[in-house]
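A short worksheet on the structure shown next.
Each reported figure results from applying straightforward, stated rules to the coordinates on display, with no laboratory input. Only a predicted model underlies this, so the values are computations on that prediction, with no experimental measurement involved. Cβ: placed from backbone, ideal geometry, glycine included. Neighbour counts: every protein chain shown.
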Amino acid sequence: MPYGFFNDVLMKTLCDILDTMNIPLLRRDLNSEKKESNVRWLLRNLRVNNNNHPNIETVIERLKKLLNNIIFEKEYPMDDTVATDIYPLTVEEYEMIDIVPENVEVE
């Protein structure tokens, strides 16, 4: 499976969850050049109108990982052929996308 597959699926899942939350449409864009500023804005403001959302903790955790990846990629640009996942997925994240790889044990 290609490197970006899980990240692409998780980004889509994250965007799908954000679509169910009360946030400005422009701040939901995580694919443009404003991705970093949108992630930072979401981390500061997401709980204001969405604190009772059932997936709020998952979204916050994933946004933090995404921001860390953005910062890391800016400081250490990687060639696509050498890319490795800086922040591996948790079992919960695998379950969230209904894909459990062979080397992950699910209790």
Ile56-Asp16 pseudo-label distance in nm [points 7 Å out on the Cα-to-Cβ vector]: 2.3 nm
Distance between modelled label sites at Leu67 and Leu26, nm, 7 Å Cα→Cβ extension: 2.0 nm
Net charge, Ile71 excluded, C-beta distance under 14 Å - Lys, Arg +1, Asp, Glu -1: +2
Separation in nanometres of the label points that stand 7 Å from Cα toward Cβ, at Glu75 and Glu36: 1.2 nm
